[in-house]
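Dropping a structure here in structure tokens format, bear with me for questions.
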Amino acid sequence: MNGMTAPGTSRVIVVGSGPTGLLLAGDLAAAGVPVTLLEKRPHKISNLSRAFVLHARALEQLDARGLADALEAVGEPLARLNLFDGLTLDLGALPSRFRHLLVLPQYEVEKVLERRAAEAGVDFRNECEVTGLTQDTAGVTVHVRGAGAAGGAEDLRAAYVVGTDGMRSAVREAVGLPFPGRSAIRSVVLADVLLTEKPPTLLTAAAVGDAFAFLAPFGDGYYRVICWNRGHDVPDHEPVGLDEVREITRLALGKDYGMHDARWMSRFHSDERQVPSYRVGRVFLAGDAAHVHTPAGGQGMNTGLQDAANLGWKLAAVLHGHAAPGLLDTYQSERHPVGRSVLRSSGAIVRLAMAKGPMLAVRAGLIRALGHAGPVRRRIVGQVTGIGYRYPAPRGAHRLTGTRVPDLALTDAARGTASGTASGGASGTASGGGPGAPAGGGRLYEALRGGRFVLVTPDPARDPARDPAPTPHDVSARYGDRLAVAHWRSGRRTTVLVRPDGYVAWAGDEARASDVEKALAAHVG
């Protein structure tokens, strides 16, 4: 493809089978791209992960793949996120179908994503450790060893490689990228315990003095405890005892809820780091391989999932010849600023939560200000949940270009239509339907399924004399399953082309058919 004929150069190798790697591999395989997923661990989804929250934007991305409802069935929704000192983020007014965060362990997300990837035909290679790679103008050769490699060592060839292999990424090391940053919190303690007394809230967190503690349920009776005592800074290899976990939890929460029968305990440090470039030639980085930050706000897994959603459709479009390779450069320009913003916001939450001395007055002032400043509060909610980010647009582009699109209410959605009530819409976004939109018709995130673009046009029945946009028949003949055409269920006159990841590729007010055709040729290919 794209002139490459060497064996293996039509495929993508993804390294690391966490949520980011699984989503990306599944997207590529579903788009017809051969994918090999390398994982150095044996095949076993671990319950030792630190992620426990899916935010609204990640749930929207999963909804576009038909996976959100299954996760909603096993998780517990939480409409209010308590950060510190009475500062609460109310998620009930989110311009999203998901007006809450979903509390569930990371391994539940991995199970759903792994099943989808396997059904799509991903080639899983467990016990394969990447020892290096070389790349040229035609592809990348990955050197692997381990039980999953042929003869114990093997060279694999691909058009592109994506490292989703975590903070200690072998792919990042192989391409020589630095990982600048620092350790933000040292000697954080993790424990999975049973509790004699159930906590009063689904997620329990507080910081008092030098102590911080966080409790989250696994759903099987056990709770994950994450706690930290600023005054007890010891190396990660120092053993952890249940008495230490109880003591820090009592300092932060006032009680330890009768912790007993710990099945696992560990100590780690939390870093704030980001690579300067998410791409080196034909090699990309995503998730924790590209950025790590404190767990405050539960943004880590969510940011990685959105990295994957951004990159997957672009790789597929380039490999299938529907887009020029330059499209892949937008992964850096779109996702690197988001990673940097998450680094800053999660770090700010931790520093404010653990404020001492003069910083206590700063924290109190901020809390008072947020109580009266709706726009600031909405901005914070948008950053934490991921729905507030937009991507840069070319100069002269329509004001909606690059914005996230909520779950619009649509009619006559060709290819990918399903019934349902759409919700969403906010100032500055491509909003059509909203809470209380009539049932019937379809939803945007159902129409996006299959990794397609969706062209949303004014309803021709409202203006029969209008220069018509392409019809579903035209789309089927020229673009096949890569594009769906639907109409606003409202009277909106803006024509919007939505990318497979749910952001506006192009928009036009009172657009003519020729304008739409030009946009489709430029973006859909």
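Could you tell me whether any residue of the range 117-130 is of a type in the set (D, E) and over 29 Å from G146 (Cα atoms)?
No, because not a single residue in the range 117-130 is of a type in the set (D, E) and over 29 Å from G146 (Cα atoms).
Let me ask you something else. Taking W313 and the conditions (1) under 30 Å from L156 (Cβ atoms); (2) part of a loop (DSSP other than H, G, I, E, B), which numbered condition does it fall short on, given that it satisfies the others?
(2)
Right, something else. Would you point out the residue of the range 67-102, among those that are under 15 Å from the mean Cα position of the chain (by Cα) and in contact (Cβ under 8 Å) with a residue 40 or more places away in the chain, that is surrounded by the most Cβ atoms within 10 Å (Cβ to Cβ)?
L101
Of the numbered conditions (1) surrounded by fewer than 21 Cβ atoms within 10 Å (Cβ to Cβ); (2) of a type in the set (K, R); (3) modelled with pLDDT of 90 or more, R443 satisfies every one except a single condition; which is it?
So R443 meets the others, but not (1).
Still on this structure: Pick out the one residue from G420, G371, G388 that is modelled with pLDDT under 70 and touching a helix residue (DSSP H, G or I) at 6+ places or on another chain (Cβ under 7 Å).
So the residue among G420, G371, G388 that is modelled with pLDDT under 70 and touching a helix residue (DSSP H, G or I) at 6+ places or on another chain (Cβ under 7 Å) is G420.
Now a separate question. Every residue in the range 244-278 that is over 26 Å from the mean Cα position of the chain (by Cα), farther than 19 Å from F212 by Cα and surrounded by fewer than 13 Cβ atoms within 10 Å (Cβ to Cβ), please.
Once the filter is applied, which keeps residues that are over 26 Å from the mean Cα position of the chain (by Cα), farther than 19 Å from F212 by Cα and surrounded by fewer than 13 Cβ atoms within 10 Å (Cβ to Cβ), the range 244-278 yields H260, D261, R263.
For G241, are the conditions met, namely being under 19 Å from Q106 (Cβ atoms) and either in contact with an Asp or Glu (Cβ under 6 Å, 6 or more places away or on another chain) or surrounded by fewer than 16 Cβ atoms within 10 Å (Cβ to Cβ) (or both)?
So G241 does not fit the description; no.
Hey, another quick one. Residue pairs, Cβ under 9 Å, 6 or more apart or interchain, first in the range 498-525 and over 13 Å from A397 (Cβ atoms), second among the β-branched types (V, I, T) and part of a helix (DSSP H, G or I). List them.
Listed by first residue and then by second, the contacts come to L520/V475.
Which ranges mark the helices (runs of 4 or more DSSP H) fully within the range 319-412 that have 2 or more residues being within 24 Å of the chain's Cα centre (by Cα) and of a type outside the set (K, R)?
330-353, 374-385
Grab the strands (runs of 3 or more DSSP E) fully contained in the range 217-287, keeping just those with 2 or more residues being assigned by TED's automatic domain parsing to the domain that holds T196 and without any contact (Cβ under 8 Å) to a residue 40 or more places away in the chain.
Ranges flagged: 222-229.
Then there is this: Taking the stated definitions as given, is R11 over 17 Å from F284 (Cβ atoms), of a type in the set (K, R) and modelled with pLDDT of 75 or more?
No: the conditions fail for R11.
Kindly indicate the residue of the range 183-216 that is in a strand (DSSP E or B) and hydroxyl-bearing (S, T, Y) and also modelled with the highest pLDDT among those meeting that condition.
Checked the range 183-216; the qualifying residue modelled with the highest pLDDT is T204.
The values are calculated or read from the model by the stated rules, or taken from the named source; none is laboratory data. Keep in mind it's a predicted model, so treat the numbers as computed, not measured. Neighbour counts are summed over all protein chains in view; Cβ atoms, including those assigned to glycine, are modelled from backbone coordinates with ideal geometry.
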